[in-house]
Structure formats: structure tokens, C-alpha cells
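**Q** Here's a structure for you.
The values are calculated or read from the model by the stated rules, or taken from the named source; none is laboratory data. These numbers come from a predicted model, not from an experiment. Here Cβ is always computed from backbone atoms with ideal geometry, including for glycine, and neighbour counts include all displayed protein chains.
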Amino acid sequence: MSVQPEMAAAYPHGRSHVEYARALSHSRRVRILKYLLPVLSVIVIVGFAGVSWIGTVLPEGIAIQSTAIEDGKIVMRNPVMTGQNNSEQPYSLKASRAVQDLATPDLIVLEDIVADMPVSDSVSATLTAPRGSYDRAAERMAFTEPFRIETSSGMSAELQTAEVDIAAGSMVSNSPVSVTSPEASIVAQSMRMQDKGRSVVFETGVRMTITPNAVRAAAEAPTNDSGTAAQ
Amino acid sequence: QESGSRMTGLALKSDQPIQIESDKLEINEKDKRAVFTGNVKVTQDDMLLQAGLMTVYYKTSGDSVASGASDIDRINVSNKVLLRSGTQTATADTGAFDMGAQTMVLSGDKVVLTDGDNIFIGCKLTVQMQSGEAQLDACGGRVMIQLDPKSRPKK
């Protein structure tokens with residue numbers, strides 16, 4: 001393939017150029033980064049999932065199977081907290097045990113956490129963590145062991161550790177993070193999320209892979225003149 | 001005076017994954033933007049795009065970024081842009097992808113397009129992303145062409 005500098009301009013200019021470009025856009029060919037967006041939105045969903053339920057916690061129902069005092073600690077079995085966020089979407093948080101040390105009453109250690117929370121009006125997410133400690137005073141939640149978030153839209157995230165500032169609606173994870181969805185996957189050495197998921201920052205060794213089927217899907221997504229793809 | 005060429009490598013293959021690497025990625029829903037900073041590399045097969053900064057802008061009309069429905073409007077790359085596909089490489093100061101028109105424009109004081117041993121220098125390279133056809137403009141000046149003097153016998 002050699003370059004032949006032709007005297008005649010390779011493309012007509014002006015209006016016909018636009019027509020030419022539009023004609024091109026009708027052809028069913030892959031667009032270079034058209035599908036990048038679903039991938040990026042996946043990340044925002046992860047972030048939002050992380051704090052959406054915590055940020056707007058309005059506990060209505062708290063059920064505890066049994067409470068016992070064991071060597072200076074209150075141990076609650078199978079606590080379940082349910083409520084709705086401010087757009088009336090239900091959430092629930094279950095744990096096998098909640099342990100509160102009388103010496104540090106503000107700290108509640110939760111074990112085998114399963115939290116279901118709304119992410120957007122059509123997507124919900126489930127956070128499962130073997131352990132987490134909730135600091136009522138500081139309104140912070142610390143996950144010290146690897147945990148997962150999965151959404152009903154087929155996206156999952158694995159984090160090693162994370163600190164959630166519930167009041168601020170932010171989450172920081174200074175350990176490797178991996179997010180995968182049918183369209184793409186992202187790994188990074190750390191992730192910071194602010195403003196209830198509206199801003200997510202991945203740092204150090206960010207690597208995003210967009211899967212071939214996402215690339216194909218973009219190819220087949222019929223795009224009409226207004227340029228919006230019919231998903 | 002323009003010279004036309006084809007960067008077929010740029011026409012993406014729909015059976016290959018695309019890899020994006022960077023030091024940092026910030027996604028901001030309020031401004032509808034995703035910003036890759038630091039050693040940004042976008043690769044698919046033998047196509048490589050490198051830049052110091054890549055910003056992806058979403059259409060504001062779309063739903064929120066979180067629901068993934070909004071579409072990409074355009075992508076800008078800057079800070080030492082390099083595009084390599086097949087035997088061709090192009091270097092420039094900035095690059096702009098217009099998703100609607102499916103075009104990519106690399107511009108800068110010196111946009112250098114090399115194809116094998118031939119070197120073309122202009123100030124603007126317009127590439128049709130689907131066909132890979134590229135057009136180098138000299139913005140008023142003349143496209144400087146340095147053809148490999150194939151005729152000279154190789155030593």
C-alpha cells in the first residue's frame with residue numbers, strides 16, 4: 001500500500017464532503033470508540049452502587065433474630081435492615097452477625113454482609129462482603145477484606161479493601177480493583193469515587209479491555225441520521 | 001495541495017478486543033466526560049494510538065452516563081499524539097475524533113505522516129475512520145514530501 005500524492009483532492013470539499021461523510025456513516029462499519037461509553041458508564045454504576053444505598057439510608061425496618069452478650073460484646077444474629085432511598089427504591093442489608101463492643105459502641109462489625117441496593121431506576125446492585133466495620137459516629141464503613149458488587153445489568157466489581165464515607169457519599173479503595181461487564185473490563189491499582197458515584201477516578205496502571213462482542217455490537221447498532229444508536 | 005492515502009489499519013476489526021491503558025482515568029457524570037491521563041495507549045491488533053491525554057465527551061442529550069444510554073459525541077487527544085497502523089505512522093500535537101461524522105483530524109505545527117520510507121509533512125491529517133482513507137493538508141503551505149529515493153541503489 002503506497003501513498004500516491006494525487007493532484008486532485010482525494011475528497012470533494014464543502015457540502016458534498018459532508019454528504020460523503022454522512023453516506024459513510026450509514027454503512028454498517030465499526031466506529032472506533034462508539035462503544036467506549038457503555039464501558040465507562042459501567043464504572044460509574046459501580047461507584048454509584050457503592051454508596052447509593054448508604055448515602056440515603058432511611059432505616060425503617062431493623063430485624064434482629066437474637067441478641068446476646070458475649071464477653072463484653074453485644075452480638076446480634078442475622079440483623080436485617082431494610083428501607084427506601086429518597087426515590088422510594090427499596091434496599092436491604094443483611095449480615096450473619098453484627099458485633100458491637102461495649103467499649104467502642106460506635107463501631108459495629110458486620111459479618112457475611114449482603115446488601116441489595118438500587119443504582120438507577122432500572123438497575124439494582126448487590127454488595128457481598130465477608131466483613132465490614134461500620135462506624136456510626138464517623139458514618140464510615142470500612143471493608144477490610146475482598147468484596148464484590150454485582151448489578152442486575154451484568155456488571156461485577158471486585159475490590160480488595162475500601163473505605164466508604166457515607167455522609168460524603170464517597171468511597172476510596174487503595175488496592176487493586178477489577179470491574180467487568182459483558183462489554184468490557186477495567187483494572188486499576190486504586191479507585192476513588194466521589195459525589196455518590198458521579199465522579200469515579202481510577203489510578204495507577206489503568207487498563208481497560210473492550211471485548212470483541214462489544215466491538216461487534218457497536219458495528220451492528222443501527223445508527224439513524226440523528227446519530228443516536230438504537231440500543 | 002493534498003495527498004491522499006489509506007490508513008487501512010485504522011478501520012477497526014470487529015472481532016478484536018480494544019485495549020486502553022493510562023495512568024489515570026476519571027469519569028465525571030456532571031460534565032459528561034471521561035478523561036484518560038498519562039501514557040494513554042489505545043490498541044487494537046496492529047493499530048496503536050498514543051497520547052498524553054484523551055478526553056471522551058458524551059452527548060448531553062443522552063440519559064445519564066450511569067445508564068450508559070448517552071452516546072459519545074467526540075474524543076480529543078493531545079500531548080504528543082502518535083497514530084500507527086500497519087506501515088503508516090502519523091504524529092501530531094492534537095487529534096479530534098468526531099463520532100457523528102466518523103472522522104479523525106490530527107493537527108499541529110508539523111503533522112508527520114510516514115509510510116514505509118516515505119515521509120509527508122503537513123499541518124492537518126483527516127482520516128475517515130470507517131474506510132481508513134487519510135488526507136494530509138498543508139493549510140496554505142505546501143505538503144512537504146520526502147520520497148525514499150528508491151532509485152538510489154541500496155549500499
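**Q** Can you pull out every residue in the stretch B:104-133 that is surrounded by 19 or more Cβ atoms within 10 Å (Cβ to Cβ) and in contact with a helix residue (DSSP H, G or I) (Cβ under 8 Å, 6 or more places away or on another chain)?
**A** Residues satisfying the conditions are B:M104, B:V127, B:Q128, B:M129, B:Q130, B:G132.
Conditions tested, residue by residue: (1) closer than 15 Å to B:D31 by Cα; (2) outside any strand (DSSP E or B); (3) modelled with pLDDT of 90 or more.
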{"site": "B:T60", "(1), (2), (3)": "yes, yes, no"}
{"site": "B:D63", "(1), (2), (3)": "yes, yes, no"}
{"site": "B:A69", "(1), (2), (3)": "no, yes, no"}
{"site": "B:R74", "(1), (2), (3)": "yes, no, no"}
{"site": "B:V77", "(1), (2), (3)": "no, no, yes"}
{"site": "B:K80", "(1), (2), (3)": "no, no, yes"}
{"site": "B:A92", "(1), (2), (3)": "no, no, yes"}
{"site": "B:G95", "(1), (2), (3)": "no, no, yes"}
{"site": "B:G100", "(1), (2), (3)": "no, yes, no"}
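**Q** Just checking, how many residues over the stretch A:121-148 are within 14 Å of another protein chain (Cβ to nearest Cβ) and either of a type in the set (G, A, S) or assigned to a strand (DSSP E or B) (or both)?
**A** Adding up the residues that qualify gives 3.
**Q** I've got another one for you. Please enumerate the residues belonging to the stretch A:180-191 that are without any contact (Cβ under 8 Å) to a residue 24 or more places away in the chain and more than 9 Å from chain B (Cβ to nearest Cβ).
**A** Result: A:V187, A:Q189, A:S190.
**Q** Here is a follow-up. Report, by residue number, each residue of the stretch B:106-120 that is part of a loop (DSSP other than H, G, I, E, B) and more than 8 Å from chain A (Cβ to nearest Cβ).
**A** Scanning the stretch B:106-120 gives a single hit, B:D117.
**Q** OK, next. Scan the stretch A:69-120 for residues that are closer than 30 Å to A:G154 by Cα, in a strand (DSSP E or B) and either modelled with pLDDT of 90 or more or more than 14 Å from chain B (Cβ to nearest Cβ) (or both) and report the count.
**A** 20
**Q** Now for a separate question. How many residues, within the stretch A:171-202, are closer than 26 Å to A:A138 by Cα and either touching a Leu at 6+ places or on another chain (Cβ under 9 Å) or surrounded by 21 or more Cβ atoms within 10 Å (Cβ to Cβ) (or both)?
**A** Matching residues across the stretch A:171-202 total 11.
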